[in-house]
Amino acid sequence: MILKKPRLRSFAEAHNQRHITAGDRYLYAQPKITQSLVVIGCGTMGQEHMRVAAILGRMRVQGIFDTHQYSLDCAEDNYRQYSSEPLVRYDDLRSACMDPAADVLLICTPNYTHMDILQVAMQSGKPILLEKPMATDLADAAAIVELDADYKSFIQIGLQYRFKAQYVEAFHEALVRRSLGTLKTIAVSEHRPPFLDKVEQWNKYNRYTGGTLVEKCCHYFDLINRLAESTPVKVYASGGQAVNFIDFERGGEPADIDDHAFVVIDYANGVRANFSLNMFAHGFFEELVVGGDRGCLKARESVDFHRQTDPEVTLHMEFGETAAARKTQLSYPSIIEESGHQGATYYQHAALADRLDGVLTAIGGSVAATPREGFTAMLVASAAQASMASGDALLIDDFLCRCGMQPITL
Ligand SMILES: NC(=O)c1ccc[n+]([C@@H]2O[C@H](COP(=O)([O-])OP(=O)(O)OC[C@H]3O[C@@H](n4cnc5c(N)ncnc54)[C@H](O)[C@@H]3O)[C@@H](O)[C@H]2O)c1
């Protein structure tokens with residue numbers, strides 16, 4: 001086990017502690033920067049990674065690449081709000097990937113570009129963080145798993161919801177402590193506002209995203225797969241586009257992105273799961289309810305836009321008469337939560353930095369997602385998209401066969 005000294009960030013940055021010189025800074029010391037990263041695609045998520053890297057302090061941002069000048073300008077302007085370190089702007093993708101001063105590449109471009117960019121990035125032999133979803137279709141996702149198997153370095157998939165405080169705790173209870181007994185049911189729901197505006201509005205179209213269940217909900221299928229600890233065997237989904245972007249069009253092409261869905265998943269070990277989505281809500285509400293033969297777990301996250309209060313994150317554990325119930329309020333330090341996705345991106349970076357430094361650690365019950373896990377999340381998501389389109393329940397083996405792939409066992 002690696003013992004780390006506490007990081008007293010609020011003391012370290014306090015006015016009345018400025019007189020403590022660099023030589024005397026032990027508890028106030030910044031972590032050592034051991035790696036440098038390049039961000040490819042510096043829109044919303046690329047910039048979140050840049051900010052998180054600065055807060056974590058273990059990786060330097062060496063440079064940025066984007067095909068849109070305006071995104072580069074905004075990313076650099078925003079970076080200058082919190083860092084005076086030099087920042088290289090690359091002229092093309094290849095020079096971004098091959099910069100000898102860069103140790104790790106972060107691919108944060110729209111989903112439909114991931115496969116092409118990844119293939120260039122892999123020529124560098126460097127570790128890569130590839131944003132979720134790894135691709136827009138299952139064939140590309142499977143190809144990425146194969147490419148990864150022969151890759152001399154590693155690929156981490158940006159499924160960082162695993163690092164949200166409530167899911168780290170839920171995994172610990174359900175999978176490490178086994179306090180719920182044998183799991184039987186898993187129910188996840190998300191209620192949120194519509195997809196945000198994006199550069200060239202790629203997220204309004206199925207062909208650029210893979211569909212809503214792939215683009216957004218792969219996060220939740222990843223959580224469900226991890227909890228089920230088994231192979232998905234059957235998927236049924238019903239959903240569509242009811243409210244959002246009904247009147248939206250770009251270049252004469254109307255938006256076709258779905259905004260609500262209900263998905264049911266059966267697993268080989270008998271676990272049953274469901275996922276429900278509403279993207280025309282007026283705040284953020286996310287819920288996970290897990291039922292086992294010994295207890296029940298309820299994890300919730302809500303953000304109230306009306307009252308502009310702090311997000312509320314809770315975990316309830318209930319065991320009837322057999323053990324004490326508990327209700328816990330969860331949070332990471334606010335500087336970490338505010339850096340994006342309730343701190344999940346920060347802890348995903350910590351996991352990446354650990355791996356780059358040759359230390360494999362789990363944060364609570366969470367480890368970073370592999371391409372194989374990214375593929376399995378996409379498998380459920382893609383089968384759900386196909387079920388929504390046909391109206392039929394799909395056996396996963398049949399679906400894989402239709403996609404030209406062999407059955408899988410997890
Ligand atoms: N992990 C998460 O929770 C999370 C959250 C949001 C987005 N994402 C993912 O991150 C990726 C980017 O999403 P975003 O919200 O930042 O989108 P965005 O539109 O805000 O930014 C994308 C950027 O990529 C640039 N770009 C487009 N094609 C490019 C190319 N070929 N080469 C270089 N740059 C290119 C665009 O100019 C833009 O600046 C997507 O895959 C998305 O699904 C993940």
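Conditions (1) in contact with a helix residue (DSSP H, G or I) (Cβ under 7 Å, 6 or more places away or on another chain); (2) closer than 12 Å to Pro133 by Cα; (3) within 9 Å of the ligand (Cβ to nearest atom), marked per residue:
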site	(1), (2), (3)
Glu190	yes, no, no
Lys198	no, no, yes
Gln201	no, no, yes
Thr212	no, yes, no
Lys216	no, yes, yes
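The residue list Ala344, Ala369 contains one member that is touching a strand residue (DSSP E or B) at 6+ places or on another chain (Cβ under 8 Å), within 26 Å of Leu106 (Cβ to Cβ) and not polar (S, T, N, Q), which is Ala369. Screening Ile408 on (1) open to solvent by less than 70 Å² (accessible area, probe 1.4 Å); (2) more than 18 Å from Ala228 (Cα to Cα); (3) at pLDDT below 90 shows it passes everything except condition (2). Per the listing Leu180, Leu223, Leu175, Leu227, the residue uniquely out of contact with any strand residue (DSSP E or B) (no Cβ under 8 Å at 6 or more places or on another chain) and not basic (Lys, Arg) is Leu175.
Okay, residues lined up against (1) in a loop (DSSP other than H, G, I, E, B); (2) within 30 Å of Gly292 (Cβ to Cβ); (3) of a type in the set (D, E, K, R); (4) not assigned by TED's automatic domain parsing to the domain that holds Ala383:
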| position | (1), (2), (3), (4) |
| --- | --- |
| Leu129 | no, no, no, yes |
| Phe171 | no, yes, no, no |
| Thr185 | no, yes, no, no |
| Glu190 | no, yes, yes, no |
| Phe195 | yes, no, no, no |
| Glu200 | no, no, yes, no |
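Contact annotation: residue pairs with Cβ atoms under 8 Å, 6 or more positions apart or on different chains, pairing a residue in the range 321-332 that is more than 19 Å from Val289 (Cβ to Cβ) with a partner that is among the β-branched types (Val, Ile, Thr) and open to solvent by less than 80 Å² (accessible area, probe 1.4 Å), are Ser331/Val313. Pairs are defined by a Cβ separation below 9 Å, a sequence spacing of at least 6 or placement on different chains, a first member in the range 145-164 that is closer than 21 Å to Met405 by Cα, and a second member that is within 16 Å of the ligand (Cβ to nearest atom) and part of a loop (DSSP other than H, G, I, E, B); the pairs so defined are Val145/Met134; Val145/Thr370; Asp148/Thr370.
Tallying residues that are more than 15 Å from the ligand (Cβ to nearest atom), among the hydrophobic types (A, V, I, L, M, F, W, C) and part of a loop (DSSP other than H, G, I, E, B) within the range 136-169 yields 1.
Each residue in the range 287-319 was checked for being over 23 Å from Phe275 (Cα atoms) and at pLDDT 95 or above, and 1 pass. Residues of the range 8-21 that are open to solvent by 90 Å² or more (accessible area, probe 1.4 Å) and out of contact with any helix residue (DSSP H, G or I) (no Cβ under 7 Å at 6 or more places or on another chain): Ser10, Glu13, His15, Asn16, Arg18, His19.
The values are calculated or read from the model by the stated rules, or taken from the named source; none is laboratory data. Treat the numbers as computed from the prediction; the structure is a model and nothing was measured. Every residue, glycine among them, receives a Cβ derived from its backbone with ideal geometry; neighbour counts consider all protein chains shown. When the accessible area is computed, the model is the full protein with side chains, heavy atoms only, and any ligands, DNA or RNA have been set aside. Shrake-Rupley method; radii C 1.70, N 1.55, O 1.52, S 1.80 Å.
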